[in-house]
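Since every read-out is calculated from the coordinates, none of them should be taken as a lab result. Note that the structure is predicted; figures quoted are calculated from it, not measured. Neighbour counts are summed over all protein chains in view; Cβ atoms, including those assigned to glycine, are modelled from backbone coordinates with ideal geometry.
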Amino acid sequence: MKIAFIVDPLEGLKPYKDSSIAMMRAAQARGHQVFAILRKDLRLRDGIVSARAVPLTLAADNHDWHTAGEPGDFALSAFDAVLMRQDPPFDFEYITATWLLERAKAQGAKIWNDPRAVRDHSEKIAITEFSQFTAPTLVARATEDIDAFIEEFGDVILKPLDGMGGSGIFRVRRDDPNRNSIIEMLGQLGSQTIMAQRYIPAISAGDKRILIIGGEVMPYSLARIPKAGESRGNLAAGGRGVAQALSPRDREIAETLAPVLWARGLLIVGLDVIGDYLTEINVTSPTCMVEIEAQTGCMVATKAIEALEP
C-alpha cells in the first residue's frame, strides 16, 4: 500500500514520542510505502485534489529518523490511505483542509479520519452528546453565565475550545482573586465562547487517554499525572505518563462511544477520562501510542495500520 500522512513540518516532529511517526514506522515494517504531505501543499485544481508528497524511509534512530526521497505531485486518490494528522489549532485553514479532503474523498481517496467527521466533532464540545458520562459542563460566551456556573460549583476548570496540550486551561475557585481577569482573558472580553467544567479531584490520579482504533478499544490507557502544583495532566504541561489497564468505568465509556464514532469514519480517537468522567474526544491527531507500547507492549500504532489494510 501507499500511505500518506498529512503532518506538521517534519523537522518539528519529536520521533521519540510522536504517534504519527510510530504509525509511519509500523506501516514500513508491514511493507507499505510511506509519504509525508504538508497541509500547505494540498491543492484543488480543475476539480482534482492533489498534493506535493515526499516519500520517506524510516529509521529506528530518533536523531536521524527518516530519509526523504524525491517529492512528487500526486492526486490524493492515488494513495491507498491518507491520514490527516495535523495538530490543532483548529482554525479556518484547518477547516479549509477538511473541505479539500472531503472533495478528495468524493474522488475516491480514502481519508482518515473522515474530514467531515473531524470538522463536525469539536474535541471539547463533542462530549456533550454523551452527557451521561460527563461532569457538569457549560459552553457559553456570556460572562454572567460563566460567573453563575462558578458560583454554583465553587471549583471549576475553564478552557478555550480550540486549545491542545493543556494550553489555556485554568482552575478557578469561587474566591479566586484573579477570577474576573481569567474570564476576561479566555473569553476575550465576552467575544469568545469557552467551556467550563466542574473540577474533578481525581485529576491527581491522572488524565487518562484511552485510544480507540477502527472501533476497537485498546486495553490500556495512558494516565497523564500532573506534576506537583499543577491541575493539568497533559504531557505538554509536564505531566508524567503511566500506562494502565482500563477500569470498568473506562471500558464502559469507551465501548459505548466506539461503535458510534467508528460509524462516522473516525478511525483513530483519543478519549480523555478523569476519574469516572469523559472530558474530551480527540479526533485531529490523538497521541500516546508510543508511551503505551513502550510500557505495555500493546502495539497500538501497528493496530492503526492493520485497520487500513484490506
What order, most packed first, do the peptides 278-286, 81-89, 3-11 have when packing is the mean number of other Cβ atoms within 10 Å of each residue? 278-286, 81-89, 3-11
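Restricting to Cα pairs below 8 Å that are 6+ residues apart, what does the relative contact order work out to for the chain? Please round to a whole percent.
Details: 621 pairs, mean separation 55.7, N = 310.
For the chain, the relative contact order is 18 percent.
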List the lysines whose Cα sits under 20 Å from the Cα of K159, skipping any in the same chain fewer than 8 residues away. K124, K208, K227
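Classify the stretch 186-269 from the C-alpha gyration tensor, please: rounded if a/c falls under 1.5, else prolate or oblate depending on whether a/b exceeds b/c.
Note, shape of the stretch 186-269 comes out oblate.
Is the shape of the stretch 136-199 rounded, prolate or oblate, going by the alpha carbon gyration tensor and its root eigenvalues a ≥ b ≥ c, with a/c under 1.5 for rounded and a/b larger than b/c for prolate?
Values: a/c = 1.35, a/b = 1.20, b/c = 1.13.
Verdict is rounded for the stretch 136-199.
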Computed P(r) (all Cα pairs; the stretch 2-113; 10 Å bins; percent): 14, 49, 31, 6, 0
Which value at 222 nm does the chain reach when only helices count, each DSSP H run of 4 or more adding -39,500 (n - 2.57), with the total divided by all residues and rounded to the nearest 500 deg cm²/dmol? -8000 deg cm²/dmol
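So what is the relative contact order of the stretch 136-199, in percent, for Cα pairs below 8 Å that sit 6 or more residues apart?
On the way: 97 pairs, mean separation 31.8, N = 64.
Computed value for the stretch 136-199: 50 percent relative contact order.
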Give me P(r) over the chain, computed from all C-alpha to C-alpha distances, binned every 10 Å, as integer percentages. 6, 27, 33, 23, 10, 2
Is any helix in the chain, taking whole DSSP H runs, at least 20 angstrom long along its axis by alpha carbon and on average at least 0.5 on the Kyte-Doolittle scale, and which ones? none
Under a cut-off of 20 Å between alpha-carbon atoms, report the aspartates and glutamates in cross-link reach of K14, not counting same-chain residues fewer than 8 places apart. D61, D64, D87, E291, E293
Please sort 94-104, 261-271 by packing, taking for each peptide the average over its residues of neighbouring beta carbons within 10 angstrom, highest first. 261-271, 94-104
